[in-house]
Amino acid sequence: MLRYIARRLLLTVPLLIGISLISFLVIHAAPGGPVEMATDLNPKVTAEARERLRAYYGLDQPVHVQYAQWLGRMATLDFGQSFSRDGRQVSEKIGERIPVTLSINVLSMLLIFLVAVPLGIYSAVRKDSWFDRISTVAVFTGFAVPTFWLALLLMILFGVKLGWLPISGLVSLEYDSLGPAAKVWDRTSHLLLPVFVSAFGGLAGFSRYMRSNMLEVIRQDYIATARAKGLPERKVVFRHAMRNALLPFITILGLSVPGLLGGSVIFESIFAIPGLGQLFYQGVMSRDYPLIMGALVIGAFLTLIGNMLADVGYALADPRIRTE
Amino acid sequence: MAAGATSMFRDFLRRLLKNRLAVAGAVVVSFLFVVAAYPSAFARHDPSRIDVRKILEPPSADHPLGTDELGRDVLSRMVHGARISMEVGFVATGIATAIGLVVGLIAGFYGRWVDGVLMRFVDIMLCFPSFFLILAVIAFLGPSIINIMAVIGLTSWMGAARLVRAETLSLKERDFVSAARAQGAGNLRIIFRHILPNALAPILVWATLGVAGAILVESSLSFLGIGVQPPTPSWGNILTAGKDNIEFAWWLSVYPGLAILVTVLGYYLLGEGIQDAADPRLKGR
C-alpha cells in the first residue's frame with residue numbers, strides 16, 4: 001500500500017510540471033502585462049521607467065528563462081512575491097485563504113454526501129415509484145440551476161425579504177463584541193447560505209450517480225443470494241447493496257475537487273467571502289502573475305491530491321483493486 | 001444499406017417521441033431557436049433604449065418583466081440575450097466536439113505511444129480547475145464574444161476525447177473494420193467511413209449536454225463581469241444588475257435566471273432522451 005501511495009505521489013510531479021508549463025505559457029502569451037496595467041493610465045511614465053519596472057518583476061527575460069527561474073524557486077516551495085501593492089509572499093496570501101475555501105467545500109461535500117446517498121438509494125430501491133419520478137425531475141432541475149442565481153434568490157428571500165440571514169462576509173462587523181454563543185451563531189449563520197449553494201450543484205449529480213450505482217449492484221447475483229437466504233430487505237439494501245454501491249462514489253468525490261474550486265470563485269464573489277476564489281479573481285483582474293501561477297498550481301495540486309486520496313480510499317475499500 | 005439506415009433512424013425517432021420529457025426538452029430548444037432567430041418578433045422594445053423616467057420599474061403591462069437600472073425593458077433584453085447564449089453554446093461546443101473528435105479518434109485508432117501522450121495531455125487538462133483557467137484567459141485576452149466561445153471550447157473538450165477514444169477502441173476491433181481492411185481500405189477511410197459514423201450517437205448526446213454546460217459557463221462569466229459586456233445583453237449580465245439592485249428589484253434577478261434554468265433543462269432532457277432512444281438498453285440508468 002505504501003509503495004502504491006509513493007508511486008502515485010511520484011506520478012504527480014510530471015503532471016504538476018505539465019500543468020505549470022501550460023499555465024505559464026498561457027499567462028505570458030497574453031497581451032498586456034502588469035507593467036502596462038500599472039502605467040498605461042499615467043502619461044508621465046517614461047519608456048525607461050517601464051523597462052526598469054519590467055526588469056524589477058523579471059519580465060524582461062525571455063519566457064523560457066522566466067519559466068526556468070520560476071520552476072527553480074518552486075523547487076524550494078518559493079512562490080515569489082505578489083505584484084500587488086502589498087508585495088507580500090504569494091504562499092502567505094494563498095495560505096491564509098485556503099482554510100476558508102477548503103472548510104466551506106468540505107462542509108458542502110459532507111452535506112452532499114448526507115443528502116445524496118439516502119436519496120439515491122431510496123430512488124433506486126423504489127425505482128419508477130412517484131418518489132423516484134419526482135426526484136428524477138428534481139435532479140435534472142438541480143443540474144440546470146445556475147448556482148449564482150440560486151444564491152441571488154436565497155439572498156433575496158432570507159436576506160432581504162425575511163431578514164433571517166446575513167448575505168455577505170464570514171462574520172458580522174460587531175463580531176468581536178459578541179459573547180461566545182453569539183459568536184458561534186454568527187459564524188454559522190454566515191456559512192449557511194454559501195455551504196448550501198455550493199453543495200446544491202453537486203447534489204443532483206451525486207444522487208443520480210448513487211441511484212445508478214445502486215441499480216447496478218441490485219442486479220448482482222450476491223444480492224439475489226442474500227434475498228434467497230431470507231435476509232430482511234433492510235439488511236439486503238443497507239448491508240449488501242449500499243456498501244458496494246458506495247465504492248465508485250469515493251472516486252467521484254475525489255474527481256469533484258476542480259469543479260468545487262472553480263465554483264468557489266462564483267459563490268465567494270457573491271457572498272463576499274475572503275477565500276481562494278476571491279483572491280484568484282482579484283489576482284486575475286490586476287495581472288498578478290506570481291499569484292495567478294501560485295493559485296493555478298495549488299488548485300491543480302489539490303486536484304491531484306483529491307484524485308490520489310480517492311484512488312487510495314478505493315484501494316483500501318475494495319480488495320479487488322489492490323491485487324492489480 | 002440506405003433503407004436500413006432510414007428505418008433505424010425512424011425507430012430512433014419513434015422512441016424519442018414516446019419520451020415525454022425528451023419531447024418537452026425538444027420543444028424548449030426549438031422555441032429558443034425561433035426566439036434567437038427572430039428576436040424582434042418577441043421584443044416589443046429596443047433592448048438598448050435607455051429611459052431615465054422608467055428606472056427599475058416592476059413588471060407592468062407595457063414591461064411584462066419590468067425595467068432595469070437604466071430603464072431598459074428586461075423582456076426585450078432577455079429575448080436578445082437568448083441569441084447570444086445560443087451562439088456561445090453552439091460555437092463553444094462545436095469547437096470542443098471537433099477537438100475531442102480529432103484527439104479521441106487519433107488516440108484510439110493509433111494507440112501505443114500516440115495514445116499515451118494524448119491521454120496524459122487530457123489528464124493534465126482535467127487537473128485544472130477549468131473555471132480558474134477560463135477566468136484567467138478571458139481576463140487577459142479581453143472579454144469579447146469570440147474569445148469566450150474559443151476559451152470555453154478549448155477547456156471543455158476532454159470528456160469528448162475520452163468518449164470518442166473509448167468508442168474507437170471498441171469499434172476498431174469489430175468484424176466490419178477487419179472486413180474493410182481486407183478489402184484494402186486505408187486508415188483514413190476506415191476512420192471516416194466506418195468508425196466515425198458508428199461513434200456519432202454518443203457524441204451527439206455529449207454535444208447536446210455540452211451546449212447546456214457552455215451556456216451555464218457563459219452566464220457565470222457574464223455575471224462576474226468578464227463575459228458578454230454591456231450594453232450587449234446577456235442573461236448573465238442582467239443578473240449582475242439584479243445583484244447590484246438586490247434590495248429593490250427582484251425581477252432583475254428572478255427572470256433571467258429562470259430563462260437559463262429552462263434552457264439548460266431543455267438541453268439536458270433532450271440529450272438524455274437522445275441517449276435513451278439511441279441505446280434503449282441503457283434506459284432508466
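The values are calculated or read from the model by the stated rules, or taken from the named source; none is laboratory data. Given the structure is predicted, the values throughout are model-derived calculations rather than measurements. Note that we place each Cβ from the backbone using ideal geometry, even for glycine, and neighbour counts take in every protein chain shown. The protein model used for the area step is the full one, side chains on, heavy atoms only, and it has no ligands, DNA or RNA in it. Shrake-Rupley method; radii C 1.70, N 1.55, O 1.52, S 1.80 Å.
A 1.4 Å probe, protein heavy atoms only, puts the accessible area of residue B:110 near 100 Å². Rolling a 1.4 Å probe over the protein heavy atoms leaves residue B:6 with an accessible area of roughly 70 Å². The phi torsions of the range B:246-253, fed into the Karplus equation with coefficients 6.51, -1.76 and 1.60 and a -60° offset, translate into couplings of 4, 7, 10, 10, 5, 5, 6, 8 Hz, rounded to whole numbers, with Gly and Pro shown as x. Placing +1 on each Lys and Arg Cβ and -1 on each Asp and Glu Cβ, with no other charges, gives the range B:138-285 a dipole about its Cα centre of roughly 700 debye. The distance separating the Cα centre of the range A:123-186 from that of the range B:109-126 comes to 41 Å. Residue by residue, the range B:32-49 carries 3J(HN,Hα) couplings of 5, 4, 4, 4, 5, 6, 10, x, 5, 5, 9, 9, 7, 10, 6, x, 10, 7 Hz when phi is fed to the Karplus relation 6.51 cos²θ - 1.76 cosθ + 1.60 (θ = phi - 60°); x denotes Gly or Pro.
Between residue A:88 and A:82, the built amide H atoms are under 5 Å apart, and every one of these is 5 or more places off in sequence or on another chain.
Longest span of chain A, sites excluded, free of trypsin sites (Lys or Arg not before Pro) in DSSP loop with at most 16 other C-beta atoms within 10 Å? Maximal segment without exposed cleavage sites: A:230-324. Between the amide H of residue B:70 and those of B:56, distances stay under 5 Å, these residues lying 5 or more places away or on another chain, with hydrogens modeled in the peptide plane.
Quick one: putting +1 on the C-beta of Lys and Arg, -1 on the C-beta of Asp and Glu, what dipole do you get for the protein assembly as shown around its Cα centre, in Debye to the nearest 20? Charge dipole of the protein assembly as shown: 2160 debye, to the nearest 20.
Across the range A:196-324, Cα pairs under 8 Å and at least six residues apart give a relative contact order of 25 percent. For the pair the range B:164-195 and the range B:35-50, the centres of their Cα atoms are 49 angstrom apart.
The translational diffusion coefficient of chain B, from Stokes-Einstein at 10 °C and 1.306 mPa s with a Kirkwood hydrodynamic radius over alpha carbon pairs, comes to 76 µm²/s. Evaluated with a Cβ-only charge set (Lys, Arg +1; Asp, Glu -1), chain A carries a dipole of roughly 1240 debye about its Cα centre, given to the nearest 20. Here residue A:161 is the anchor, and the aspartates and glutamates within straight C-alpha reach of less than 13 Å, apart from those fewer than 8 places off in the same chain, are B:247. Take the residue pairs A:93/A:183; A:44/B:243; A:127/A:235; A:183/B:243; A:229/B:18 and return only those whose Cα atoms are more than 30 Å apart. As for pairs spanning more than 30 Å Cα to Cα, those are A:44/B:243; A:229/B:18. In the protein assembly as shown, if the dipole is taken from +1 on Lys/Arg beta carbons and -1 on Asp/Glu beta carbons about the Cα centre, which of B:82, B:67, B:202 is farthest to the positive end? It is B:202.
Just flag the GluC sites (Glu not before Pro) in the range B:155-220 sitting in loop per DSSP whose Cβ has no more than 14 other Cβ atoms within 10 Å. Display every interim value, and only then the final one.
On the way: sites: B:167, B:173, B:218; in loops: B:173.
Those satisfying the criteria are B:173.
Between the alpha-carbon centers of the range B:55-99 and the range A:44-108, tell me the distance in whole angstrom. About 38 Å separates the Cα centre of the range B:55-99 from the one of the range A:44-108.
Hey, any idea what % of the protein assembly as shown's accessible area is carbon plus sulfur with a 1.4 Å probe? Before the final figure, lay out each step's value.
Working: 19360 of 29700 Å².
Roughly 65 percent of what the probe reaches on the protein assembly as shown is carbon or sulfur.
Note on the protein assembly as shown: dipole from Cβ charges, positive end direction compared against B:269, B:179, B:47; the farthest Cα belongs to B:179.
The coefficient of translational diffusion for the protein assembly as shown, derived via Stokes-Einstein from the alpha carbon Kirkwood radius under 37 °C and 0.692 mPa s, stands at 123 µm²/s.
Computed from phi, the 3J(HN,Hα) profile of the range A:295-306 under the Karplus parametrisation 6.51, -1.76, 1.60 (θ = phi - 60°) reads 5, 5, 5, 4, x, 5, 5, 4, 4, 4, 4, x Hz, with x in place of Gly and Pro. Ordered by solvent-accessible area of protein heavy atoms (1.4 Å probe), largest first, the residues A:311, A:221, B:115 come out as A:221, A:311, B:115.
When the Cα positions of A:228, A:306, A:170 are compared along the charge dipole of the range A:167-324, A:228 comes out farthest toward the positive end, with charges on each C-beta of Lys, Arg, Asp and Glu. For the range A:98-322, what relative contact order do you get, as a whole percent, if you take Cα pairs closer than 8 Å and at least 6 residues apart? Reported relative contact order: 26 percent.
Can you tell me the relative contact order of chain B? Whole percent, Cα pairs under 8 Å, sequence separation 6 or more.
Working: 408 pairs, mean separation 72.8, N = 285.
In percent, rounded to a whole number, it is 26.
Kirkwood analysis of the Cα pair distances in chain A returns a hydrodynamic radius of 23.1 Å. Taking the square roots of five times each eigenvalue of the Cα gyration tensor of the range A:117-242, the equivalent ellipsoid has semi-axes of 41, 18, 10 Å, listed largest first.
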